[in-house]
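Rule-based calculations on the coordinates, nothing more; no lab input. Note that the structure is a prediction, hence the values are computed from the model and not measured. Every residue, glycine as well, gets a Cβ built from its backbone with ideal geometry; the counts of neighbours run over all protein chains shown.
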Amino acid sequence: MTIPITDVTHTELTCANCQACCCRLEVMIITDTGVPEQHIATDKWGGETMLRLDDGWCSALDRETFMCTIYENRPWICREFEMGSYDCHDVRVEANCLPS
């Protein structure tokens, strides 16, 4: 069981203040979860990744709500990445992406 942690501002992460920092990470598609083709890119080695747009964000991210538009079909890696976990905290600090 992972116990959610707070970031350096000591604000608990929730869906309301997350800001989807992890949606800027490169995400390999390693299992078939039904990701729609328009959100898949092929890297230079032939591997499938989530498409990221020119702004650096995942193409499946709704830019107004910061919610995933393909949540039920998101990649396995996205399913395993826990909001508030130590990995999440590290990504947020590295990206200077702190909750409001």
Check your understanding: Taking only C-alpha pairs under 8 Å that are 6+ residues apart, what is the relative contact order of the chain in percent?
Key -> 41 percent
Revision key, fill the gap. For the chain, the Cα convex hull volume per residue in Å³ comes to 116 Å³
Review point. For Glu80 and Cys97 in one chain, what is 0.36 nm times their gap in residues minus the Cα-Cα distance, to one decimal in nm?
Key: 4.1 nm
Exercise for review: Calculate for the chain the 222 nm mean residue ellipticity that helices alone would give, adding -39,500 (n - 2.57) per DSSP H run of length 4 or more and normalising by residue count, nearest 500 deg cm²/dmol.
Suggested key: -3500 deg cm²/dmol
Review point. If each residue's Cβ is checked for other Cβ atoms within 10 Å, how do Val35, Val27, Val93 rank with the fewest at the top?
Key: Val93, Val35, Val27
